[in-house]
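Structure first, commentary second.
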Amino acid sequence: MARQKILLIGANGQVGHALQTALAPLGELVCLTRAQLDLATLPTSDAVPEALLEQVQSCHPTVIVNASAYTAVDRAESEPQLADLLNARVPGWLATLADQLGACLVHYSTDYVFDGTKPGPYVESDPTHPQSVYGRTKLQGEQAVAFACSRHLIFRTSWVLSAQGANFLKTMLKLGQERDALTIVSDQVGAPTTAELIAEVTAQVLTTMLNGPASAQDPRWGTYHLVASGETNWFAYAQYVFKNARAQGWPLKVTADAIKPIATADYPVAARRPLNSRLDTTKLRQTFELELPAWQSGVDQVLSALKAG
Ligand SMILES: NC(=O)c1ccc[n+]([C@@H]2O[C@H](COP(=O)([O-])OP(=O)(O)OC[C@H]3O[C@@H](n4cnc5c(N)ncnc54)[C@H](OP(=O)(O)O)[C@@H]3O)[C@@H](O)[C@H]2O)c1
């Protein structure tokens with residue numbers, strides 16, 4: 001594979017941070033963070049804003065990877081314009097620029113594009129029906145990417161965790177050290193997926209795509225579900241975290257008996273979540289001959305990384 005020039009946007013997020021390591025062997029990596037360009041300041045024009053155009057064109061990327069997003073799911077309900085800018089418009093502009101430059105674009109999306117009413121795991125072609133501003137704007141971002149740039153990869157993932165950044169596992173560890181008792185939602189089902197797994201699979205898929213001719217007509221460009229194997233719910237996930245954290249010697253205040261399951265309906269939040277977040281990964285595994293590890297191994301890795309400091 002020829003050495004690539006990769007522009008990574010959102011390099012300080014959970015996935016972005018892991019991508020810095022995973023993408024480094026593929027070529028020259030240029031990171032664009034909020035410090036260089038605050039995406040929230042871009043005008044909401046149809047044309048690509050000058051500030052973004054300059055940053056991207058000056059890099060001359062062969063690959064653009066967009067790990068930036070507005071990920072505050074509940075806050076998005078009261079900041080729909082900002083969520084729309086970050087999650088829908090920016091990906092569309094990046095896709096336009098990638099197409100103009102002959103680059104390919106990697107983008108990330110979410111299980112929240114679905115409404116969660118399907119009885120089984122969702123496949124890529126299932127009808128979307130987002131229930132929140134976050135889900136709707138992420139879906140619009142997917143559509144804008146697919147419309148503007150044929151050579152795109154969109155990875156839908158769920159329940160991201162890593163030692164870097166904010167996530168459910170880190171919130172549980174903090175609360176478990178502060179509180180005697182906790183109630184945790186038990187009727188939302190999905191797969192905790194590490195940022196490191198997402199980044200490693202991204203690098204593997206990109207390597208495969210860029211090794212061959214991979215023309216714009218190559219049917220392997222497109223949308224894939226990328227989550228760890230297996231499934232759980234938030235309550236069982238938290239129990240797993242506490243059991244292993246206790247074994248590792250974390251100073252937990254909460255006892256196993258003092259963690260209680262509750263229903264989503266009894267935990268009011270601003271944004272509606274899908275009860276079924278299960279994503280079928282057959283297309284990704286078969287197309288790229290990949291194996292995806294069990295979610296528990298990712299949780300173990302993040303706990304160990306946090307313990308090691
Ligand atoms: N987290 C999840 O559970 C989850 C689940 C499903 C899908 N996803 C998707 O996976 C992708 C990566 O998520 P993540 O968990 O890595 O998100 P994250 O940790 O919240 O990172 C988001 C990144 O976007 C950047 N960003 C946000 N607003 C910005 C702005 N105004 N200007 C410039 N940069 C800005 C952040 O910069 P700063 O570091 O400066 O804040 C950060 O680098 C996203 O597409 C997300 O929708 C995430």
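General remarks:
- In the set 200, 289, only one residue is more than 18 Å from the chain's Cα centre (by Cα), surrounded by fewer than 19 Cβ atoms within 10 Å (Cβ to Cβ) and not small (Gly, Ala, Ser); that residue is 289.
- When restricted to residues that are open to solvent by 20 Å² or more (accessible area, probe 1.4 Å) and touching a Lys or Arg at 6+ places or on another chain (Cβ under 6 Å), region 65-95 contains 0.
- Any chance residue 98 is out of contact with any helix residue (DSSP H, G or I) (no Cβ under 6 Å at 6 or more places or on another chain) and either buried (at least 22 other Cβ atoms within 10 Å of the Cβ) or of a type outside the set (S, T, N, Q) (or both): yes
- Looking only at region 1-45, residues that are more than 13 Å from residue 90 (Cβ to Cβ) and open to solvent by 80 Å² or more (accessible area, probe 1.4 Å) come to 8 in all.
- Pairs linking a residue in region 117-144 that is without any contact (Cβ under 8 Å) to a residue 60 or more places away in the chain to a residue that is part of a loop (DSSP other than H, G, I, E, B), with Cβ atoms under 7 Å and 6 or more positions apart or on different chains, are 126/114; 126/118; 128/114; 129/114; 129/115; 136/130; 139/128; 139/130.
- Residues that are closer than 20 Å to residue 77 by Cβ and near the ligand (Cβ under 9 Å from one of its atoms) were ranked within region 121-158; the one that is surrounded by the most Cβ atoms within 10 Å (Cβ to Cβ) is 138.
- Residue within region 99-109 that is over 18 Å from residue 165 (Cβ atoms), over 15 Å from the mean Cα position of the chain (by Cα) and within 12 Å of the ligand (Cβ to nearest atom) present: no
Table: residues versus (1) within 15 Å of the chain's Cα centre (by Cα); (2) assigned to a strand (DSSP E or B); (3) within 13 Å of the ligand (Cβ to nearest atom).
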| residue | (1), (2), (3) |
| --- | --- |
| 7 | no, yes, no |
| 15 | yes, no, yes |
| 47 | no, no, no |
| 70 | yes, no, yes |
| 73 | yes, no, yes |
| 76 | no, no, yes |
| 86 | yes, no, yes |
| 90 | no, no, yes |
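- Taken as a whole, the condition of being more than 14 Å from the ligand (Cβ to nearest atom) and modelled with pLDDT of 95 or more applies to residue 29.
- Taking region 179-280 as the region of interest, the strands (runs of 3 or more DSSP E) fully inside it that hold 1 or more residues being out of contact with any helix residue (DSSP H, G or I) (no Cβ under 6 Å at 6 or more places or on another chain) and within 15 Å of residue 112 (Cα to Cα) are 222-225.
The values are calculated or read from the model by the stated rules, or taken from the named source; none is laboratory data. This is a predicted model, so every value here is computed, not measured. Here Cβ is always computed from backbone atoms with ideal geometry, including for glycine, and neighbour counts include all displayed protein chains. Surface areas here come from the heavy atoms of the whole protein model, side chains and all, with no ligands, DNA or RNA. Shrake-Rupley method; radii C 1.70, N 1.55, O 1.52, S 1.80 Å.
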